[in-house]
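Computed from the coordinates by the stated procedures, all read-outs in this text should not be read as laboratory data. Everything numeric here is computed off the predicted structure, so don't read it as measured data. We place every Cβ from the backbone using ideal geometry, glycine too, and count neighbours over all the protein chains shown.
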């Protein structure tokens, strides 16, 4: 199976939709997804993910299946965001902090180390994992620690339209990397696609491998710029 984890296209957050640029991104993305062919499309219930997914669904002629757990967790309480005075999400903790504290680098300690020691972080992550486990078991793979027992070998192509925060949690889970390490190392641009192959090297086990991370080649093909939503450093 190939799993495509896709961040929604460029968002218009105040109006809970996409920007004009975002609609163009979603159209370019849909052409890409149609070229791959998809057997199932899932999306978070938020409009920006639903609208992005619908472009692909309309072109491929399959429905969008809503899964609430694909929304990013409500972890917008790390610090004041200098851009708009709101709260910054936990996945935007400066990398210099996450890389300096080795407790963030281990599964056994990342969620018991301040500022991630509030029990809600571990609980919300567990809910996300429960959602992924349910979806993947529907498609033939049952997680056992860092690998997946093959219930049904298949060549399906499945897409999940979500958000930067939830796409990063997918990456942490599937590549078996503690979330803070992923947060300080990766970012998904609007409409970016990360492709995972559930590689079956035996008849019993599959292991997810990232074939590409945060790919935006559809934007380059359509001659569209990459929007830096959610990147806070010296992007330019």
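Within segment 26-71, being in contact with a helix residue (DSSP H, G or I) (Cβ under 6 Å, 6 or more places away or on another chain), crowded, with 17+ Cβ neighbours inside 10 Å and under 30 Å from residue 117 (Cα atoms) holds for 43, 44, 69, 70. Taking residues in segment 14-25 that are assigned to a loop (DSSP other than H, G, I, E, B), and partners anywhere that are crowded, with 18+ Cβ neighbours inside 10 Å, the pairs with Cβ atoms closer than 6 Å and at least 6 places apart or on different chains are 19/10.
Looking only at residues in segment 72-82 that are surrounded by fewer than 18 Cβ atoms within 10 Å (Cβ to Cβ) and touching a residue at least 24 places away in the same chain (Cβ under 8 Å), the one that is farthest from the chain's Cα centre (by Cα) is 78. Given the options 153, 130, 134, 108, name the one that is in contact with a strand residue (DSSP E or B) (Cβ under 7 Å, 6 or more places away or on another chain), loosely packed, with under 14 Cβ neighbours inside 10 Å and either closer than 30 Å to residue 65 by Cα or without any contact (Cβ under 8 Å) to a residue 60 or more places away in the chain (or both). Just a single option satisfies the conditions, and that option is 153.
Of all residues in segment 188-206, none satisfies being surrounded by fewer than 20 Cβ atoms within 10 Å (Cβ to Cβ) and touching a helix residue (DSSP H, G or I) at 6+ places or on another chain (Cβ under 7 Å).
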